[in-house]
Amino acid sequence: MLYRENGQFKTSYRADQSIFPIAQDRWFVWGLVAFAFFVVPFIFDDYFFLAILIPFLIMALAAVGVNILVGYCGQISLGSGAFMAVGAYAAYNAMIRVDGMPLIVALLIGGFCATLAGMLFGIPSLRVRGLYLAVATLAAQFFWDWAFLRVGWFTNYTPSGSVAVGKLQVLGWTIDSPVDKYLFCLGFLVVFAVLAKNLVRSAIGRNWMAIRDMDVAAAVIGIRPVYAKLSAFAVSSFMVGVAGGLWGFVYLGSWEPAAFDVQTSFQLLFMVIIGGMGSIMGAIMGAAFIISLPIFLNQFLPVLGELVGVTISTAGVSHAEYMIFGALIVWFLIVEPHGLAKLWSIAKQKLRVWPFPH
Amino acid sequence: MKLHKLMLGTAAAALGASALLAPVASAQAAEQFFPSLVYRTGPYAPNGTPFANGYSDYLRLVNERGGINGVKIKVEECETGYSTARIVECYERLKGANGGATVFQPLSTGGTFALTEKAPVDKIPLITAGLGRSESADGGVFKWNFPLLGTYWVAADTLVQHVGKQAGGLDKLKGKNIALIYHDSAYGKEPIPLLQKRAEMHGFKLTLLPVAHPGVEQKATWLQVRRDRPDYVFLWGWGVMNSTAIKEAVATGYPRNKMYGVWWSGAEPDVKDVAANAKGYNALALQHGAEKDASVVKEVLAKLHDKGKGTGPREEVGDVLYMRGLISAMLATEGMRVAQAKYGKGKVITGEQMRWGLENMNLTDIGLRSLGFGGVMRTTSTSCSDHMGAAWVRVHTWNGKAWEFTSDWLEGDRKVLDPMVKTTADKYGAEKGIKRRPASDCNA
């Protein structure tokens with residue numbers, strides 16, 4: 001009743017091809033973005049920004065990138081952590097080796113270097129598929145882990161291997177408070193999400209989806225697999241690299257190579273799987289789930305324990321976190337293998353016929 | 001069909017419940033909040049747990065003794081699993097809780113690097129007793145870092161002095177081969193600059209053998225040790241890396257009495273599995289060793305463990321890492337006492353006041369004895385420029401059942417250390433745009 005598109009007639013091709021054809025959707029998304037930009041900075045405390053919102057935004061950007069590769073193009077990649085590391089270190093080197101390098105340009109250079117790395121390590125995808133490709137991309141993860149530890153040039157020859165970035169500022173706006181960092185990351189996420197959404201609806205996106213669905217058939221009808229797969233790696237790695245730069249610069253401030261280890265790659269893959277493969281909105285929802293759930297469990301479990309009269313030690317909470325997290329992932333995948341995005345679209349479909357059941 | 005609906009409903013509910021519950025702040029009588037960043041899970045838990053138990057027990061003991069001038073201490077633990085990201089998350093969560101955190105002790109060099117950027121902004125001091133960045137001993141640049149009792153350069157320096165003594169003089173080290181087996185992280189890489197300098201000074205060859213986190217893969221490293229047969233092996237490991245190293249040493253037949261661990265590689269969890277086979281393994285003792293006879297240990301057992309208020313197993317009270325936790329907590333509470341003396345006895349102090357307190361500590365023998373640490377530690381005193389306070393260590397050796405002291409007191413050679421600390425601190429200051437503190441800032 002609330003959600004139907006009765007009376008919404010499209011009078012131009014442009015209107016017909018818009019990303020959100022239903023007016024209620026458009027209102028909702030614009031409202032959400034406006035809420036995120038103008039209301040959220042005033043209602044949450046510093047901890048919420050620093051520990052939950054900022055990592056969520058950065059990981060959502062990375063998850064969108066990984067979703068393009070895994071969800072839209074069907075190339076399983078376990079090297080996303082490494083591409084984040086490449087983006088972070090490349091941006092760091094751009095910042096310190098070039099005087100007066102603007103922050104955004106440094107981050108984009110990081111993304112560009114991650115693109116090159118992604119295309120290089122995406123070459124195996126031209127020969128292998130599925131699980132074997134996952135193993136090949138895992139090699140990327142370990143290679144870059146090793147490179148940033150052993151090749152001193154990347155870390156500017158610091159003896160400790162830890163690098164740090166100083167004051168962040170964009171055209172005079174210093175980014176030091178949690179709200180500033182939040183807005184900075186939100187800006188990146190919104191821009192890249194829109195770009196990604198447009199890309200996947202275009203010819204390239206359709207090429208990717210054809211490769212995902214049946215790559216032999218796609219090659220037969222004239223889609224060039226080399227172009228499609230490597231472009232998927234390139235675009236995906238660019239976003240992941242920019243996200244890596246943001247993670248190092250904005251969230252961590254000071255990092256060592258272990259900050260982008262194989263756990264990060266797995267996390268990103270889980271975000272894509274839980275959120276829904278082949279959906280930009282799904283990547284963002286998956287990121288929210290994976291980032292916020294451990295923290296929520298960490299804070300909620302002792303309270304729950306006290307309600308029942310059981311004091312749980314910090315170690316117990318940590319173990320329980322892992323168990324519940326794993327169990328929830330399995331639960332979600334049984335209930336809805338297509339992820340949170342599918343749950344969302346089911347909800348929308350129910351809303352369209354509400355209050356009727358069907 | 002119904003089960004499917006039920007499952008969908010539960011899934012939706014779990015999703016909806018992801019709104020965060022903010023921790024409930026309870027208004028209580030004025031208490032000083034000490035957050036405790038611990039790792040009781042993960043590959044570093046065997047070593048992190050006794051430290052956390054000692055830390056928690058000492059703070060409880062202080063409360064049993066009546067608090068510091070009547071102000072009791074509130075402790076809250078946060079599990080980090082030795083991951084820098086979680087250390088930062090715990091820091092952010094606890095820095096403002098319960099009236100504001102007084103001091104943080106990350107017990108992780110990687111975490112220290114990350115928190116060094118944040119602590120000055122939030123005005124909360126960091127105590128990194130026996131760890132962290134070696135250059136942070138320079139209080140002129142690192143206003144908020146306190147690597148009390150010793151840094152890794154002190155450790156490396158005194159180890160070289162000790163093996164020099166064993167060899168009959170530092171000049172006898174010429175031509176010898178010293179291998180450093182280190183955890184491939186900021187922690188493990190810390191001693192390298194000083195060892196390279198000493199290698200230049202005395203003409204010994206330094207072989208660097210990194211071991212990737214978490215440190216269980218050491219077969220290749222020890223095969224190389226077996227091939228090269230270095231005269232001494234310095235071990236800079238943590239957690240399971242330590243016990244693995246000793247097991248591999250046994251397997252490859254490298255004599256344990258030529259192995260020297262840093263003070264984080266010389267505790268009971270590292271040698272308990274190997275026990276008799278680890279006999280002869282030496283390690284640095286950060287002033288204290290295993291002190292089962294110390295007066296404070298007896299007090300902890302009587303006032304806490306006998307009454308069921310202790311943390312962790314009773315058998316571990318007095319072990320090396322337990323003592324380290326005890327001492328780290330003691331240093332923090334003594335800093336609090338000094339701050340209270342200036343800013344108001346019996347009042348809760350802020351982070352800035354605590355920082356002043358830590359910078360003006362003077363732990364005398366009498367003071368230490370009254371706290372129960374007589375015979376365990378030497379005098380320590382910090383100042384505006386020296387945030388380390390003391391650079392004395394001893395060497396203890398595992399005799400198969402317990403740790404025994406096998407050396408005299410060794411002091412880090414200030415002539416070698418001070419210039420290096422100053423140069424590196426200056427470099428950090430130049431990178432970050434931090435100017436050296438003027439003398440007028442010292443009484444702030």
For the stretch B:80-226, the dipole about the Cα centre with charges only on Cβ (Lys and Arg +1, Asp and Glu -1), to the nearest 20 debye, works out at 400
Taking Cα pairs under 8 Å and at least six residues apart, what relative contact order does the stretch A:44-353 come out at, in percent? 32
Counting Lys and Arg as +1 and Asp and Glu as -1 over every other residue whose Cβ sits under 11 Å from the Cβ of residue B:198, the net charge comes to -2
Per-selection metrics, the stretch A:44-353 (Cα): Rg and Dmax in Å: 19.8, 66
Whole-angstrom gap from the stretch A:55-102 to the stretch A:171-222, using each part's C-alpha centre: 12
At q = 0.14, 0.22 Å⁻¹, what log₁₀ I(q)/I(0) does the stretch B:265-356 have when each alpha carbon counts as one equal point scatterer in the Debye sum? -0.68, -1.06
May I ask for the distance between the Cα centers of the stretch A:1-36 and the stretch A:279-358, given as a whole number of Å? 28
Convert 10 °C to kelvin, take the viscosity as 1.306 mPa s, use the Kirkwood radius over C-alpha pairs of chain B as Rh, and evaluate the Stokes-Einstein diffusion coefficient in µm²/s, rounded to a whole number. 70
Lysine pair number, Cα distance threshold 19 Å (strictly under), the stretch A:44-353, separation 8 or more or different chains: 4
For the stretch B:73-106 the trypsin sites (Lys or Arg not before Pro) that pass both the DSSP coil test and the at-most-16 other-Cβ-within-10 Å test are none
Starting from the Cα-Cα distance between residue B:117 and residue B:293, subtract it from 0.36 nm times their residue separation and give me the gain in nm to one decimal. 59.4 nm
Go ahead and run the numbers for FRET between residue B:432 and residue A:3, Cβ-Cβ distance against an R0 of 45 Å, rounding to 0.05. 0.25
At a Förster distance of 25 Å, what's the computed FRET efficiency of residue A:135 paired with residue A:156, Cβ-Cβ distance as r, to 0.05? 0.15
Centre separation in Å (Cα based) which lies between the stretch A:111-168 and the stretch B:375-444: 37
Pair residue B:369, residue A:335: separation of 7 Å Cα→Cβ label points (nm): 6.7
Quick one: if the Förster radius is 22 Å, what FRET efficiency do residue B:64 and residue B:314 give, using the C-beta to C-beta distance and rounding to 0.05? 0.85
Inter-label distance, nm, simple model (7 Å from Cα along the C-beta direction), residue A:194/residue A:170: 1.3
For chain B, built as a Gaussian network whose Cα springs stay under 10 Å, the top-fluctuating residue of B:342, B:72, B:272: B:342
Point-charge dipole on Cβ atoms (K/R +1, D/E -1) for the stretch A:44-353, about Cα centre, debye to 20: 1180
For the protein assembly as shown, which cysteines have no second Cys with its Cβ under 4.7 Å from theirs? A:73, A:113, A:185
Quick check on the protein assembly as shown: helices-only [θ] at 222 nm, where DSSP H runs of length 4 and up contribute -39,500 (n - 2.57) each and the sum goes over total residues. Nearest 500, please. -17000 deg cm²/dmol
Which length gain, in nm to one decimal place, applies between residue A:353 and residue A:27 when the Cα-Cα distance is subtracted from 0.36 nm times their residue separation? 115.4 nm
Over the Cα atoms, compute the radius of gyration (one decimal) and Dmax (the largest Cα-Cα distance, rounded to a whole number) for the protein assembly as shown, in Å. 28.3, 96
Those trypsin sites (Lys or Arg not before Pro) in the stretch A:197-296 that DSSP places in a loop and that have at most 13 other beta carbons within 10 Å: A:201
Once the dipole of the stretch A:93-245 is set up from charges on Cβ (+1 Lys and Arg, -1 Asp and Glu), the residue from the list A:120, A:185, A:242 lying farthest towards its positive end is A:120
Quote the relative contact order of chain B in percent (integer), defining contacts as alpha-carbon pairs under 8 Å separated by 6+ residues. 19
What lysines does residue B:74 reach when the alpha-carbon gap must be under 27 Å and sequence neighbours fewer than 8 apart in one chain are set aside? B:95, B:118, B:123, B:143, B:292, B:298, B:303, B:307, B:309, B:342, B:345, B:347
Residues other than residue A:316 with Cβ under 12 Å of its Cβ, Lys/Arg counted +1 and Asp/Glu -1, net out at -2
Intensity falloff of the stretch A:215-341 expressed as log10 I(q)/I(0), Debye formula with alpha-carbon point scatterers, at q = 0.09 Å⁻¹: -0.39
Report, for the protein assembly as shown, the % of DSSP beta bridges that are antiparallel, rounded to 5. 35
For chain B, with +1 on Lys and Arg beta carbons and -1 on Asp and Glu, the positive-most of B:225, B:276, B:130 along the dipole: B:225
Computed lengthening from residue A:311 to residue A:266, 0.36 nm per intervening residue step minus Cα-Cα distance: 13.0 nm
At 7 Å along the Cα-to-beta-carbon direction for both residue A:146 and residue B:302, put a label point, then send me their distance in nm to one decimal. 5.9
Just to confirm a number: summing +1 for Lys and Arg and -1 for Asp and Glu over residues other than residue B:429 whose beta-carbon lies under 15 angstrom from that of residue B:429, what do you get? +3
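Quick note: the coordinates plus some simple rules give every number you see, no bench work behind them. Just so it is clear, the structure is predicted and the values come from calculations on it, not from any experiment. Backbone-built Cβ (ideal geometry, glycine too); neighbour counts: all protein chains shown.
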